[in-house]
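Worksheet: the structure to be examined is printed underneath.
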Amino acid sequence: MPRLLFCSLFATALVTVETSAQRAADTDARFSARRVAMVDRYIVGEGIKDSATLHAMRAVPRHEFVPADLRDKAYDNHPLPIGLGQTISQPYIVAFMTEIVRPRPGMRVLEVGTGSGYQAAVLAATGAQVYTIEIFRPLADSARSRLERLGYRGVTVRHGDGHDGWPEAAPFDAVMVTAAAGHIPPALTRQLRPGGRMVIPVGSVYGAQYLILVEKDAKGAVRTRNLLPVMFVPMLSGPR
Amino acid sequence: MTVRAVAVGCLAAASLLFEILLIRVFAVEHFHHVAYMAIGVAMLGIGASGTVVAALGGTTTSAAQRWFAPAALATAVSLVVTPVVLHRIALDLTQLTWSATQWLRLGFVYVLLALPFALGALAMLLAITLEHTRPGWIYGAGFLGSAGGALLSVVVLWFLDPTRALAIPALIAALGAAMIAWSGARSTGRFAVAALTLALTSLVVVRPLWRVAVSPYKALPQVEAYPDARRVAERLSPLGWVVAVQAPAFRYAPGLSLAYEGDLPPQTALFVDGELAGAVTHWATNEPDRGAMEVLRWLPLALPYALGGRLRVLVLGAGAGMEVWAALAHGARRVVAVEVNSALIDATTDLAQLPTRATTAAQIDWIAGDARSVVARTRERFDLITLVPGGGITGAAGGLHALNEDFMHTTDAYADYLQRLTSDGVLAVTRWASEPPRSSVRVILAIAEAMRRVRPAATQNGIVVARSWGTTTVLAKPAGFSEADLDRLRTWAASRQVDLDWFPGASSPEAQYNIPDEPTLVYAARAAVAHPDSARRFADEYPFAVAPASDARPYPHRFLRAGSLRTFLRSGSASWLPFAEWGYIALLATLAQSVLLAGVFIVIPAALHSRRSRGPSESLLPVVAYFAAIGLGYMAAEIAVIQQLTLLLGHPVYAVAGVLASILMCSGAGSMWSDRVAPRHATRVGAALGGALAVLAAVLLALVHHFQPLPFAVRGVAAATLLVPVAFAMGMMFPLGLRGIAGDHGKRIAWAWSSNGFASVVGAPLAALIAVEAGSQMLLVVAAAVYLLAGLIARGSVVGHSWSWPRSRLLAVFDRAASARHPR
């Protein structure tokens, strides 16, 4: 009798595990399909052409970077809250900013404002070496563990002050700022390699901002170009 | 009867105070445009109360007697319950574009906010029913109470933070309810309930049951989350709740040059209603020092000082003093700093020593006041008059304050500033860049137009446009820029990586440092200086509304055209739209909501009732039309007059409160006096009002400009002279109309109340829209037309004390005429 009971329980557990695994697989497949649809509609459809960017956007599971109760919204084209008044940017903006910095394997990228880690994951998926700074310790810690769990080895997460950049890892081929600032921090410009590009939203904090592309030429001179209007959370300085 | 009137006054005061405080609370917890939208819908509660009563068959005197006190008590209770429940709803408006749950919550908030207004209006409606032979007395008491509420709002916002301030309306309403309970038929239960309500509302003032929390997406909670951040100062004022936060990691250097390689000094962040408003910089020394203040030379505001010789400087919108320090760092010997928010000056003084005559060698005067008033009255001349964008610049960039009137940036203002310059003086206006350019284009066009008024010959060689990565600065020099001036500007601009998009002699300047998609500012400047017609054509053809603002249409931060909306949606650039003009979109949304709900709650039921009525004498349409007309007319006239007299009296808050209170008091007096006037005179009053408002439309702005330079006492008398007779007559129309239907009073009073309430609510956003699109003069014309219409409706309708359909009057006239031709 006990043997029969044990076998029954074992069989039930096995079925349950298989059912859960099947459910997980179904979920992954569903999200994967939605991810492809998102790229086709909101990214390719809006003019993003860079193959490395498109590959990365199709590969990175955005739903892993949003709160569990918002996963069904993960592949819609709008920002989502991730706590502490911060947001994960809308997919189109992530793709746009990625394409602008011309991602390629081996390039060194500084990201200011890790947030959920999604942008860092996208950059890492293009083959870049990513150094990302986050001012909120809870976000920095959760992004670090999430990126490790998902296997993004090319990302180094630091809890720190974005205004001062990352001098020991400089210079960078690209600097990407995902938090708005009322001015362009001199340290970030200094740490940009000649020939490099920086994308930063500037303008008013918590109002509408505009993406600025800062290009440093071979002689070290910088020029700017206004890109498109966006909305970001502000760049915060100082560890917390 | 007197107690009843005083109680109604308390309820009216509580309602208006609650409305004003809700706007402040919503502005802190969300953003300003949300406040207008939510309050606009909440006010529909006023009209809804009348519709509900009418649907129930109207009220009798006995029913009014029975329910008046309970309605007043319920109003007081709802003024406590509403904020408590409101602050337990997790509303995140940033999720409206994708979350159906947020829409449901917003809808619930609308209903919740409407409740106290509906109950308060019901109480007043019942009071009017009780006093149907003298409705002017009660209606006038309501006006006077509202006036008190308007004045009280200024006092309350000086001394109480938004959390505690929100408890005051309930206390006032409870006082009114207690008066009713104590003076009416003695009932122990009612007496006890009233006393308990008064005690509860008093307790809530001491210990509020809610807490106003700043939106997590605003700058204040973000900066307060910095390491080692601490709140170091807090000031209250009707202009906003000012908070100062010190955080070692906070830095503020708006538009800092890309070529700057130094450090930023320690700063304390300043916030108004949770939004960043600037920073107090803690210089190493109070005296201007090259080393300590080097960073000031790398900000856009330093451009005009490159010309040299800026010894006498006027700073408009001085904020936390950065521009004043910049003037001192560049050698100014005389600085006048004007800042309208005195709480901001006080907070800055708490934190760091402001440069004053006592602390520096320069002669410095700080003036807490309105910039236009200061400029109008001063006889000083300045080498430089500078206007920089506000600290947080959230409104200008996000369109959140698109509908805020701003008299500092109209063509008339720029002309005034130009006339206060010395012979070599310069006006400098800096705005944040936007994509596509909007505010910069408007400034260029406005300055060119102002130059044509002041010194037409200087337009061609008196304007320079400089553009950095984030800002645009327009310089205007009536004496014209010499070659030496231009050399100095070019040298400064090159070192700061600023492009000179326009200067005298420019043909097609090429951007070197900050590459735009299109050289829009070049095109704008070229059109602006060439000829007024080319400037006008450029403004007409530009996708955004960039024509210069004027004192008649003082909306320099509003750029959205309805046509642009369609273009953006068609072009797939929908991502631009959310950041274009939230304020204007919110106004359209409020108007649409109000019209829809007014249609559902008043027009359709009134039309259905008319179809079911037994005859033309019972038709509600004249009732609805008359009271809707005077509701619309009142709002239109009120908004237009407040806007223009604010410019005359200076100070956006005190002037608005004072003018609003004056209008309401005079209207109250007019209401009370109307009980002595026969209802048939509504026609004459309507006609007189139409004529007076039409005259005001023609002359008011000219009178404002004429009186502006005079002492405040003279301006006050002028304002009162213009205001009193019009407001008095406006107050008469409602009670005269009510007595015209007193013979069938129960249901018709309810319909009158409902239609007037809804028309007032629709009238507010509609009047704002007319003001934005066509100006305050047109708004006064509309008000005149509407009051004339009301007078005509009254003429065709009032017979003795009964209200009958105009057709029966016409038939009677024809009958008499026929009898006269064919005597029997």
Exercise. Would you be able to tell me the number of residues in the range B:661-684 that are part of a helix (DSSP H, G or I) and either surrounded by fewer than 24 Cβ atoms within 10 Å (Cβ to Cβ) or charged (D, E, K, R) (or both)?
Key: 12
Quiz item: Name the pairs whose Cβ atoms lie under 9 Å apart, with the first residue in the range B:697-726 and over 13 Å from B:Val641 (Cα atoms), the second hydroxyl-bearing (Ser, Thr, Tyr) and surrounded by 12 or more Cβ atoms within 10 Å (Cβ to Cβ), and 6 or more positions between them or separate chains?
Solution: B:Gln708/B:Ser373; B:Phe712/B:Ser373; B:Arg715/B:Ser373
Quiz item: Just checking, how many residues over the range B:211-231 are surrounded by fewer than 19 Cβ atoms within 10 Å (Cβ to Cβ) and out of contact with any strand residue (DSSP E or B) (no Cβ under 9 Å at 6 or more places or on another chain)?
Solution: 5
Exercise. Considering each residue of the range B:457-477, count those that are touching a helix residue (DSSP H, G or I) at 6+ places or on another chain (Cβ under 8 Å) and open to solvent by 10 Å² or more (accessible area, probe 1.4 Å), and give that number.
Key: 3
Exercise. For the range A:31-72, name all the residues that are under 19 Å from B:Thr101 (Cβ atoms), within 14 Å of chain B (Cβ to nearest Cβ) and surrounded by fewer than 16 Cβ atoms within 10 Å (Cβ to Cβ).
Key: A:Pro67, A:Asp69, A:Asp72
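Okay, residues lined up against (1) crowded, with 18+ Cβ neighbours inside 10 Å; (2) at the interface with another protein chain (Cβ under 9 Å from one of its Cβ atoms):
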| residue | (1), (2) |
| --- | --- |
| B:Ala170 | yes, no |
| B:Trp182 | no, no |
| B:Thr188 | no, no |
| B:Ala233 | yes, no |
| B:Val242 | yes, no |
| B:Glu261 | no, yes |
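Rundown of residues vs (1) of a type outside the set (Asp, Glu); (2) assigned to a helix (DSSP H, G or I); (3) in contact with a Ser or Thr (Cβ under 8 Å, 6 or more places away or on another chain), yes/no style:
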site: A:Leu14; (1), (2), (3): yes, yes, no
site: A:Arg34; (1), (2), (3): yes, yes, no
site: A:Glu46; (1), (2), (3): no, no, no
site: A:Lys49; (1), (2), (3): yes, no, no
site: A:Arg58; (1), (2), (3): yes, yes, no
site: A:Tyr75; (1), (2), (3): yes, no, no
site: A:Pro81; (1), (2), (3): yes, no, yes
Practice problem: Could you tell me whether any residue of the range A:181-204 is on the phi < 0 side of the Ramachandran plot, among the aliphatic types (A, V, I, L, M), away from chain B (no Cβ under 14 Å) and more than 15 Å from the chain's Cα centre (by Cα)? | Solution: no
Quiz prompt | The lone exception for B:Ala74 - which of (1) at pLDDT below 80; (2) open to solvent by 20 Å² or more (accessible area, probe 1.4 Å) it fails | solution = (1)
Practice problem: Tell me, please, whether a residue that is within 14 Å of chain A (Cβ to nearest Cβ) and in contact with a Phe, Trp or Tyr (Cβ under 8 Å, 6 or more places away or on another chain) can be found in the range B:416-431. | Solution: no
Quiz item: Could you list, in sequence order, the residues of the range A:131-174 that are within 14 Å of chain B (Cβ to nearest Cβ), in a strand (DSSP E or B) and in contact with a Gly (Cβ under 9 Å, 6 or more places away or on another chain)?
Solution: A:Ile133, A:Glu134
Quiz item: Quick one: which helices (runs of 4 or more DSSP H) sit completely within the range B:433-544 and have at least 1 residues that are within 14 Å of chain A (Cβ to nearest Cβ) and within 27 Å of A:Leu227 (Cα to Cα)?
Solution: B:439-454, B:483-496, B:520-530
Quiz prompt | Considering residues of the range B:311-320 that are under 26 Å from the mean Cα position of the chain (by Cα) and part of a loop (DSSP other than H, G, I, E, B) only, the residue nearest to B:Val295 (Cα to Cα) | solution = B:Ala320
Exercise. Give the residue, chosen from B:Thr101, B:Thr94, that is open to solvent by 10 Å² or more (accessible area, probe 1.4 Å), without any contact (Cβ under 8 Å) to a residue 40 or more places away in the chain and of a type in the set (Ser, Thr, Tyr).
Key: B:Thr101
Exercise. Within the range B:61-96, track down each residue that is part of a helix (DSSP H, G or I) and within 14 Å of chain A (Cβ to nearest Cβ).
Key: B:Leu93, B:Thr94, B:Gln95
Practice problem: Take A:Ser89 and decide whether it is closer than 30 Å to A:Ala169 by Cβ, within 14 Å of another protein chain (Cβ to nearest Cβ) and among the small types (Gly, Ala, Ser). | Solution: yes
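The values are calculated or read from the model by the stated rules, or taken from the named source; none is laboratory data. The structure displayed is predicted, hence computed values, not measured ones. Don't worry about glycine lacking a Cβ; one is built from the backbone with ideal geometry, like all the others, and counts go over all protein chains shown. Just the protein is used for accessible areas: all its heavy atoms, side chains included, with ligands, DNA and RNA removed. Shrake-Rupley method; radii C 1.70, N 1.55, O 1.52, S 1.80 Å.
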